[in-house]
Amino acid sequence: MLEQKTMMDTLWSGVVPVLEKCGFAPEWQEGASRKDSAVYARGESSVMDFVGTDSRLRFVYNDNRIHFLIAPLDAETADDSAFKRDTTYLMVLNEYDEKDVKSLINEITDYLSETYLRKDSRASKKAPATVSRAAAKSGALSYDPVTLATKIAGIFPELKPIINGNIATYGEFLCEDFFVNYGTPRVMEIIKQNDVQKMKRLFNILGEVYEDGTNEVQSLICVTVLGPIENDPELVQRIMPYLTDTMLEPVLSVSECLKKSRTARLRLENPPAYKPKKQKSPGFLSQLMGGGAGLQQ
């Protein structure tokens, strides 16, 4: 007889690779170890969640059935009321064995590939180009916003498909959109939890990128990523031991400014709407050099 948790852990391991190709990443419960599967118990049911760029997927096992559900990205996840059932698979624990589980995984992964990989062209996008540590330390290149986002996604794997989706949607990386809606809430979550190991890992990333980063990424760290602290005395005391000497004054100055200025806070919470870059039309000199069709006769 199959154990429910063993079956779900096996299913999780089987579907993660194909879902990541489709642009979905596993979503762990708060406090859960990422060394284990993302499966969690909910009453007599077992559940696992995945998050993509614009939707959520959920597998729920109960009463000898695995239900595959889908919902918008901002759906309430406490229960299944906001989810729509996509399909259901039979899985009778006291009758099925490991071969049946493997067969079911093949069936599910085939369905996922056919349904989501073709629909989501963003899944086929290459990972964004980032700046290597060696290049940054040598001075050949400077860390940029997409490199910062990618490094933070190393702590939160569910952010990886969101970065790719951001680039696919806009044709470039909109750092404010990504950090305001996804990156910064995760950073603040770590600061509020005040877990020493997580704080060290986070601020090692922020400090390294700040020290060898562009002016843009330094402003991003001070304003968008750490600005929401808003000079809260408790949160400021928590981050003080982790700030580098060069970060200390700018971070605290921005925090003080945001605390005092409601207008600045509103601008931070509501960045300007995206405007596509205008294509430049050929200038007069370009036309003389052959850019104008009417001159090539």
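The values are calculated or read from the model by the stated rules, or taken from the named source; none is laboratory data. This one's a predicted model, so the numbers in the text were calculated from it and none came from an experiment. Here the Cβ positions follow ideal geometry from the backbone for every residue, glycine too, while neighbour counts run over all protein chains shown. Heavy atoms of the whole protein, side chains included, go into the accessibility calculation; ligands, DNA and RNA do not. Shrake-Rupley method; radii C 1.70, N 1.55, O 1.52, S 1.80 Å.
Working only within region 193-229, note down all residues that are part of a helix (DSSP H, G or I), out of contact with any Pro (no Cβ under 7 Å at 6 or more places or on another chain) and open to solvent by less than 10 Å² (accessible area, probe 1.4 Å).
199, 202, 203, 206, 207, 209, 221, 224, 225, 227, 229
Taking region 126-167 on its own, how many of its residues are part of a helix (DSSP H, G or I) and among the aliphatic types (A, V, I, L, M)?
Number satisfying all stated conditions: 12.
If residue 164 passes every condition in (1) in contact with a strand residue (DSSP E or B) (Cβ under 9 Å, 6 or more places away or on another chain); (2) touching a residue at least 60 places away in the same chain (Cβ under 8 Å); (3) closer than 26 Å to residue 33 by Cα but one, which one does it miss?
Of the numbered conditions (1) in contact with a strand residue (DSSP E or B) (Cβ under 9 Å, 6 or more places away or on another chain); (2) touching a residue at least 60 places away in the same chain (Cβ under 8 Å); (3) closer than 26 Å to residue 33 by Cα, the odd one out for residue 164 is (1).
Could you please let me know if residue 41 is of a type outside the set (Ser, Thr, Tyr), surrounded by fewer than 18 Cβ atoms within 10 Å (Cβ to Cβ), at pLDDT 90 or above and not in a loop (DSSP other than H, G, I, E, B)?
Judged against the criteria, residue 41 is a match.
How many residues does region 213-228 hold that are under 23 Å from the mean Cα position of the chain (by Cα) and without any contact (Cβ under 8 Å) to a residue 40 or more places away in the chain?
Residues that pass the stated criteria total 4.
Which one is surrounded by the most Cβ atoms within 10 Å (Cβ to Cβ) among residues in region 70-87 that are touching a residue at least 12 places away in the same chain (Cβ under 8 Å) and closer than 17 Å to residue 42 by Cβ?
83
Evaluate the following for residue 93: is it open to solvent by less than 60 Å² (accessible area, probe 1.4 Å) and outside any loop (DSSP other than H, G, I, E, B)?
Here the answer is no, as residue 93 does not meet what is asked.
Are any of the residues in region 12-23 in contact with a helix residue (DSSP H, G or I) (Cβ under 8 Å, 6 or more places away or on another chain), of a type in the set (D, E, K, R) and outside any loop (DSSP other than H, G, I, E, B)?
yes
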